[in-house]
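These notes concern the structure reproduced below.
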Amino acid sequence: SYSPVDGKLISTINAATKNDYEKTIETAEKAFKQWRLVPAPKRGEIVRQVGEELRKYKEPLGKLVSYEMGKSLQEGLGEVQEMIDICDFAVGLSRQLYGLTIASERPNHRMMEQWQPLGVVGIISAFNFPVAVWSWNAALAWVCGDVCVWKPSSKTPLCAIACQNIISKVFKDNNVPEGVSCVLIGNEVGDLMNADKRIPLVSFTGSTRIGRHVSKTVAERFGKTILELGGNNAVIVSQHANLEMVLKVVVFGAVGTAGQRCTSTRRLIVHESVYNKTIDVLKKAYAQLSCGNPLHAANHVGPLIDKQAVEHYLNAIKQVKSEGGKIIVEGGVLTGKGFESGCYVKPCIVEVKNEFKIVQHETFAPILYVMNYKTIEQAI
């Protein structure tokens with residue numbers, strides 16, 4: 001695992017083999033047979049303790065997220081807080097796993113609806129949210145009586161190992177059987193999980209391209225999927241908009257996490273009467289952005305995840321130019337002291353037309369595509 005912050009090797013991790021995978025799934029299946037019999041409120045109590053343990057380690061885990069992934073420290077801490085919050089939510093849920101009782105046509109009979117846990121839940125998460133996405137799935141699955149096998153991104157494996165170390169203490173203290181929470185690192189693991197009939201549900205977070213593959217593979221064996229895929233989000237600015245609010249929303253949406261969120265603001269559609277004024281406001285704001293080490297609070301924008309992501313960013317700018325787009329705020333790779341990793345880029349604003357091919361696809365980088373409109377129907 002190399003940090004995009006300074007390019008340094010943090011650690012090396014052994015990827016799981018097929019034999020490792022088989023042993024893990026067998027262990028998870030055995031654990032499920034015990035875990036499903038633990039009363040749901042008791043499972044919730046154990047998840048509550050996980051939330052308490054995460055509170056203890058919020059600062060160091062948030063720093064690790066920031067250092068291994070490259071997002072700002074505040075975002076790293078915020079991601080851990082999301083883990084804590086989902087644990088709190090799951091605790092409440094553990095006492096609300098209701099079923100219905102239904103009137104029957106047979107005399108002196110009522111029908112009862114009872115929900116049963118699925119079994120082994122597979123979780124495949126992405127690098128941009130290396131801990132929160134897993135916890136959203138795992139905490140809810142655990143209180144429902146399921147066990148989890150987590151395949152984290154190979155770009156952020158240490159965050160996953162850290163989470164496993166934090167929760168393993170809680171599980172051990174509560175005599176939770178080995179296998180209720182498993183971590184398997186390595187690209188091969190994802191395909192094994194998708195094709196495995198022993199995993200009735202696979203939750204996948206990542207690109208739409210890989211999402212289609214996951215959906216098809218799991219559906220072929222009649223498994224279930226939860227897919228959280230890419231986006232190409234737009235903000236429409238009307239002639240009545242408060243530009244101060246526009247500034248805060250758009251700048252954070254476009255450059256937060258260096259544009260590496262499925263919810264990042266990609267497109268800005270501005271009414272022609274306030275178009276120039278909006279552009280001027282954004283240009284001034286972008287000129288004040290500080291790019292650099294995300295662990296330093298003064299910096300607004302950290303690095304992209306790796307040099308491959310930088311190449312995608314540069315290629316997107318080239319395509320904008322080739323399609324006739326206009327550069328409003330110049331992009332480029334940052335070099336020199338503090339940028340030795342080669343992963344830091346300038347947030348960029350480009351003027352485009354909606355029909356450009358590059359505009360129709362998600363660009364996982366801090367590039368904001370702006371265009372104007374006359375009527376709200378046209379904007380929509």
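The values are calculated or read from the model by the stated rules, or taken from the named source; none is laboratory data. As the structure is a computational prediction, the values presented were derived from the model and not from experiment. So basically every Cβ, Gly included, is an ideal-geometry build from the backbone, and we count neighbours across all protein chains shown. Side chains included, ligands, DNA and RNA excluded: accessible areas come from the protein's heavy atoms. Shrake-Rupley method; radii C 1.70, N 1.55, O 1.52, S 1.80 Å.
A few remarks follow.
- Pairs are defined by a Cβ separation below 6 Å, a sequence spacing of at least 6 or placement on different chains, a first member in the range 361-380 that is open to solvent by 70 Å² or more (accessible area, probe 1.4 Å), and a second member that is modelled with pLDDT of 95 or more and part of a helix (DSSP H, G or I); the pairs so defined are 372/275.
- Selection within the range 321-360 - of a type in the set (Val, Ile, Thr) and either open to solvent by less than 20 Å² (accessible area, probe 1.4 Å) or under 21 Å from residue 233 (Cα atoms) (or both): 327, 328, 329, 345, 349, 350, 352, 358, 359
- Residue match in the range 220-227 (condition: among the hydrophobic types (A, V, I, L, M, F, W, C) and open to solvent by less than 60 Å² (accessible area, probe 1.4 Å)): no
- Residue in the range 89-99 that is over 20 Å from the mean Cα position of the chain (by Cα) and hydroxyl-bearing (Ser, Thr, Tyr) present: yes
- A count restricted to the range 34-73 and to residues that are farther than 17 Å from residue 168 by Cβ, part of a helix (DSSP H, G or I) and in contact with a Pro (Cβ under 9 Å, 6 or more places away or on another chain) stands at 6.
- In the set (1) out of contact with any helix residue (DSSP H, G or I) (no Cβ under 7 Å at 6 or more places or on another chain); (2) on the phi > 0 side of the Ramachandran plot, the condition left unmet by residue 342 is number (1).
- Selection from the range 202-213 of residues that are touching a residue at least 40 places away in the same chain (Cβ under 8 Å) and more than 19 Å from residue 132 (Cβ to Cβ): 208
- Of all residues making up the range 255-294, the number that are loosely packed, with under 15 Cβ neighbours inside 10 Å and either within 29 Å of the chain's Cα centre (by Cα) or in contact (Cβ under 8 Å) with a residue 12 or more places away in the chain (or both): 8
- Looking only at the range 199-219, and only at residues there that are at pLDDT 95 or above and open to solvent by 70 Å² or more (accessible area, probe 1.4 Å), the one that is farthest from residue 266 (Cα to Cα): 216
- Considering the range 161-179, the residues that are among the polar types (S, T, N, Q) and without any contact (Cβ under 8 Å) to a residue 12 or more places away in the chain include one that is farthest from residue 39 (Cα to Cα), namely 165.
- Qualifying residue in the range 107-119 (condition: open to solvent by less than 30 Å² (accessible area, probe 1.4 Å), within 23 Å of residue 39 (Cα to Cα) and modelled with pLDDT of 95 or more): yes
- Residue in the range 230-251 that is part of a helix (DSSP H, G or I) and among the acidic types (Asp, Glu) present: yes
- Any hit, the range 85-95, residues being among the polar types (S, T, N, Q) and either in contact (Cβ under 8 Å) with a residue 60 or more places away in the chain or within 16 Å of residue 145 (Cα to Cα) (or both): yes
- Any hit, the range 305-320, residues being in contact (Cβ under 8 Å) with a residue 24 or more places away in the chain, open to solvent by 60 Å² or more (accessible area, probe 1.4 Å) and more than 25 Å from the chain's Cα centre (by Cα): yes
- Taken over the range 140-195, the criterion of being polar (S, T, N, Q) and crowded, with 19+ Cβ neighbours inside 10 Å is satisfied by 153, 156, 181, 194.
- Any chance residue 24 is touching a residue at least 12 places away in the same chain (Cβ under 8 Å), farther than 29 Å from residue 255 by Cα and not aromatic (Phe, Trp, Tyr): yes
- Residues (closer than 21 Å to residue 184 by Cα and either assigned to a strand (DSSP E or B) or acidic (Asp, Glu) (or both)) located in the range 1-33: 2, 9, 20, 22, 26, 29
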